[in-house]
1. Express in nm, to one decimal, how much length is gained between residue 199 and residue 137 on full extension, taking 0.36 nm for each residue of separation and deducting their alpha carbon distance.
2. Relative to the present Cα-Cα distance, how much length would full extension add between residue 206 and residue 37 at 0.36 nm per residue of separation?
3. What are the extents of the Cα atoms of the range 241-291 along their three principal axes, in Å, largest first?
4. Take 175, 54, 284 and order them by how many other Cβ atoms sit within 10 Å, fewest up front.
5. Zone of residue 181 (label point 7 Å along Cα→Cβ, backbone N under 16 Å): which residues in the range 45-68?
6. Tell me, 50, 110 in order of fewest to most beta-carbon neighbours within 10 Å?
7. At 0.36 nm per residue, and after removing the present C-alpha to C-alpha distance, how many nm does the segment from residue 250 to residue 168 gain when stretched out fully?
8. Work out how far the C-alpha atoms of the range 163-203 reach from end to end along every principal axis, then list the three figures in whole Å, largest first.
């Protein structure tokens, strides 16, 4: 039976994002960008920390830098791997769910890490879920943050995001006009007043080029779910912000119930709960991962050529 808990261990003011984020150009050596070329596409990634491996998958219009507060909080205990999905951040290519899953597996192979925990946020939750289903020997723990209804094959549910309207704005008025409208949407709005968090979000949205909005990707080649509904065998946690959209909170409840996991609500947070309440969010990750992720080393992970195509 699925359980819904409310995480409320810390107040927002105890962990200001401004203490963890740096303006562009001040990255330390440990934060240096790395690049992997997979199937002719250059992908930016970062590999930081020590311990069991955790793969972090960002949401729509965002990039790997959304995970800055979690890397700062958890790098002494976990090896945190994150990348810009195709068409986002500084990665090349066109957005595509199937390619995202193949890229994630290829990155793990490149870094020789297995098993991993996989944390996917919003649209990235789809990638994490697909990866867990298609590569069950790779993913040992699954965390889905703010997922949409996983039965939908589209990149964002129509009820959450007015894609037709946004696409029209993009085509008629340009990407900056879309960015302005998107910043006012509940899925892209922060509740915290922390300047560091707000600046980080602004920088990521400013990097979003809108190619997938102007030219939407096709449906996943292996079906919307990559397998029958309800087929995951990994321990599952679903995270939602207390003030996330009701559609997302309900989707989280439904997913936890149908997949045999549990749901946690991050107090005082919206959809971007890892930025609204970074310390609570990081403690929730730590609490779920610690008893479930082995503390030992990793075995090399081999991916067949067919899986990467």
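Read-outs: derived from the displayed coordinates by stated rules, not from any lab. All values derive from a computational prediction rather than experimental measurement. Cβ coordinates were reconstructed from backbone atoms using ideal geometry, including for glycine residues, and neighbour counts include every protein chain displayed.
1. Numbers: separation 62, 0.36 × 62 = 22.32 nm, distance 3.81 nm.
Gain on extension, residue 199 to residue 137, equals 18.5 nm.
2. Numbers: separation 169, 0.36 × 169 = 60.84 nm, distance 2.42 nm.
Roughly 58.4 nm would be gained on extension.
3. Result for the range 241-291: principal-axis Cα extents of 28, 28, 12 Å.
4. Details: 175 18, 54 26, 284 23.
Fewest-to-most Cβ neighbours within 10 Å comes out as 175, 284, 54.
5. 61
6. Listed from fewest to most nearby Cβ atoms, that is 50, 110.
7. Using 0.36 nm per residue and subtracting the Cα-Cα distance, I get 26.6 nm.
8. 33, 17, 9
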